[in-house]
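**Q** Structure incoming, see below.
The values are calculated or read from the model by the stated rules, or taken from the named source; none is laboratory data. Source: prediction; values computed, not measured. In this analysis, Cβ positions are derived from the backbone assuming ideal geometry, glycine residues included, and neighbour counts consider all displayed protein chains. What goes into the accessible areas is simple: the full protein's heavy atoms, side chains included, and nothing from ligands, DNA or RNA. Shrake-Rupley method; radii C 1.70, N 1.55, O 1.52, S 1.80 Å.
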Amino acid sequence: MEKWRATSNLRRSLKSILNRQLSSVSEFRYLNEKRSCQSSFNLIRDCKSLGQVNAIQHRCFSSASTLVQRNPSFSTLNSDDISYFKGLLGEKSVIQDEDRLETVNTDWMHKYKGSSKLLLLPRSTEEVAQILRYCNSRCLAVVPQGGNTGLVGGSVPVFDEVIVNISSMNNIISFDKVSGILVCEAGCILENLISFLDNQGFIMPLDLGAKGSCQIGGNVSTNAGGLRLVRYGSLHGNVLGLEAVLANGDVLDMLGTLRKDNTGYDLKHLFIGSEGSLGIVTKVSILTPPKLSSVNIAFLACNDYSSCQKLLMEAKRKLGEILSAFEFLDTEAMNLVLHQLDGVRNPLPASMHNFYILIETTGSDESYNREKLEAFLLSSMEGGLISDGVLAQDINQASSFWRIREGVPEALMKAGAVYKYDLSLPVEKMYDLVDDMRIRLGDLAKVVGYGHLGDGNLHLNVSAPEYDDKILEQIEPYVYEWTSKHRGSISAEHGLGLMKANKIYYSKSAETVSFPLNKKMQRISLFAGCVSPSHGCTSCLN
């Protein structure tokens, strides 16, 4: 049983807060445009009906400068294709219903929309292989899709690609309680895996705000970071093996469960974060840590960003091995959550603060953890790093604290149009970009900053009543140039997708992008020189 406890009012004394109560309480991918029609992961087609090509051969996304051309070399669906897929999958797994297609053609942000006329729901690796083998032979473009929770337009069609959604592949294959190794199919929803492991006395090393919809295959394909990377690291360290289907239908079995295997290249790492450009992930084996009994969550306020940085340094030093999350949000983010989401209350209602910090600790020794946390809070209070704070007294209050942090993306969506940027930056520079953007945009839009301070990941969001190219022109390419100047990454955890496909050079040097291994890997997976300008950098693998 997890134990939640209250401690000090951080404004006055460590003791008084002990009695304080609240008033109430993705599948991303690059898809590849192949001049010779040998890849099934190809985009750039559009048709209104079977056998009829749409007159629209290009689409614009975000701004007039983002033009996606349709590759005319790909086939369009016909009745024979539909008959083949029905024979393979059965009637119920071949979807042509317009309402269901509307959903899978549109991304979570309603910013990117394709016009696919066919959704396929395979139930096994062999069915995925046969789908890709057939599409490869017919030059039919394919887009893999998982939970469709992506934020960069990487999980929906651009034109009329066949959508291969793996949500029906949602079985847990095995779980070893001794080693903590879970093997499952790629369509398993993250929250379902979390619940399963909770009953086994373990936890997933990955936790996301979108856990109720996102799928583990999409998480792996985008190398999703999430809320507890500061404690458990990235999926490169937690995924032990995977199975993937290549474009020609070949199945690549890398589904190992060994902690150590030094026999040749560890190819699974090429698929983690590859956004589907090398194949469709169908199974995953992942190392899961044991569930610990002592869990504490603090919601704190700081006067300035400098205090947030110093608090992070102190947390790493004084909480050490029990620190499992260190999240931050600014006052603009807090205001949005309080005004846009029903039932959310301010844990620190006396006044609004410039910055808020959510700290989670997990450990196995309640007494030891208590001493460490109380010493940390007391020293931080005395040092003036914290201006107010409260700790969860039960699991409901803990959930309400997490609801604030995880609810920021939803609140932004409800507020209107939002331009989202997922950046890795040196911690000391992260909020400088937020300040610069506020000066740059003035009254045109609101600039919101929040994210994973513990691992240097800023979620920069620009909120406006509606999308406007005048606003976008002030944001891009300035944000990318600023990030590149400070040797950051333009994609910390969301991937490149369609939004940032041609922006890779802001984070990677030309020499790195054109490294010969990239070309060799593309040839191995039948993608030689065929990264689509719609979901990848055309020159990066050519």
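**Q** Looking at Met254, is it aliphatic (A, V, I, L, M) and under 18 Å from Val143 (Cα atoms)?
**A** No: the conditions fail for Met254.
**Q** A further question follows. Could you check how many residues of region 330-355 are within 16 Å of Glu410 (Cα to Cα), in contact with a helix residue (DSSP H, G or I) (Cβ under 6 Å, 6 or more places away or on another chain) and open to solvent by less than 30 Å² (accessible area, probe 1.4 Å)?
**A** Final tally of qualifying residues: 5.
**Q** Where residues in region 307-320 are hydrophobic (A, V, I, L, M, F, W, C) and part of a helix (DSSP H, G or I), which of them is surrounded by the fewest Cβ atoms within 10 Å (Cβ to Cβ)?
**A** Taking the candidates together, the pick is Met313.
This table checks each residue for (1) open to solvent by less than 60 Å² (accessible area, probe 1.4 Å); (2) assigned to a helix (DSSP H, G or I); (3) closer than 16 Å to Lys316 by Cα.
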residue: Ile357; (1), (2), (3): yes, no, yes
residue: Glu360; (1), (2), (3): yes, no, yes
residue: Glu371; (1), (2), (3): no, yes, yes
residue: Glu374; (1), (2), (3): yes, yes, yes
residue: Leu377; (1), (2), (3): yes, yes, yes
residue: Ser380; (1), (2), (3): yes, yes, yes
residue: Leu385; (1), (2), (3): yes, no, yes
residue: Val390; (1), (2), (3): yes, no, no
residue: Ser400; (1), (2), (3): yes, yes, no
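**Q** Also, quick follow-up: Can you find even one residue in region 300-317 that is under 30 Å from Val178 (Cβ atoms) and of a type in the set (D, E, K, R)?
**A** Checked against the condition, which is being under 30 Å from Val178 (Cβ atoms) and of a type in the set (D, E, K, R), region 300-317 yields no hits at all.
**Q** State all residues of region 91-103 that are under 29 Å from Glu410 (Cα atoms) and open to solvent by 20 Å² or more (accessible area, probe 1.4 Å); if no residue qualifies, say none.
**A** The answer is Asp97, Glu98, Asp99, Arg100, Glu102, Thr103.
**Q** In addition: Yes or no: Ile439 open to solvent by less than 10 Å² (accessible area, probe 1.4 Å), part of a helix (DSSP H, G or I) and at pLDDT 95 or above?
**A** So Ile439 does not fit the description; no.
**Q** Now for a separate question. Of all the residues that make up region 243-261, how many are open to solvent by 10 Å² or more (accessible area, probe 1.4 Å) and part of a strand (DSSP E or B)?
**A** Selection size over region 243-261: 5.
**Q** Tell me which residues, restricted to region 321-355, are part of a strand (DSSP E or B), out of contact with any Cys (no Cβ under 7 Å at 6 or more places or on another chain) and closer than 24 Å to Val295 by Cβ.
**A** Leu323, Ser324, Ala325, Phe326, Glu327, Leu329
**Q** Go through (1) outside the structural domain of Leu323 (by TED's automatic domain parsing); (2) within 24 Å of the chain's Cα centre (by Cα); (3) more than 30 Å from Phe159 (Cα to Cα) for Arg440 and report which single condition fails.
**A** Single failed check for Arg440: (2).
**Q** Checking the condition assigned by TED's automatic domain parsing to the domain that holds Gly217, at pLDDT below 90, over 26 Å from Ser195 (Cβ atoms) and surrounded by fewer than 21 Cβ atoms within 10 Å (Cβ to Cβ), which residue from Gly264, Gly276 passes?
**A** Only one candidate passes the filter, namely Gly264.
**Q** Any chance you could count how many residues in region 258-290 are touching a Gly at 6+ places or on another chain (Cβ under 9 Å), within 21 Å of Thr125 (Cβ to Cβ) and polar (S, T, N, Q)?
**A** 3
**Q** Let me ask another. Counting only residues that are part of a helix (DSSP H, G or I) and within 26 Å of Thr106 (Cα to Cα), which one in region 481-511 is modelled with the highest pLDDT?
**A** Residue satisfying both the conditions and the ranking: Lys503.
**Q** Still on this structure, please answer the following. For the condition over 16 Å from Lys111 (Cβ atoms), open to solvent by 10 Å² or more (accessible area, probe 1.4 Å) and not acidic (Asp, Glu), what is the one hit in Pro465, Pro426?
**A** On inspection, the qualifying residue turns out to be Pro426.
**Q** Here's another thing I want to ask about it. Please specify each residue of region 442-469 satisfying the condition of being within 19 Å of Ala415 (Cα to Cα) and assigned to a helix (DSSP H, G or I).
**A** Matches in region 442-469: Asp469 only.
**Q** Out of curiosity, is Gly276 over 30 Å from Glu332 (Cβ atoms) and touching a Lys or Arg at 6+ places or on another chain (Cβ under 6 Å)?
**A** yes
**Q** Looking for something farther than 26 Å from Pro347 by Cβ, among the hydrophobic types (A, V, I, L, M, F, W, C) and either open to solvent by less than 30 Å² (accessible area, probe 1.4 Å) or assigned to a helix (DSSP H, G or I) (or both) - is there at least one such residue anywhere in region 405-423?
**A** yes
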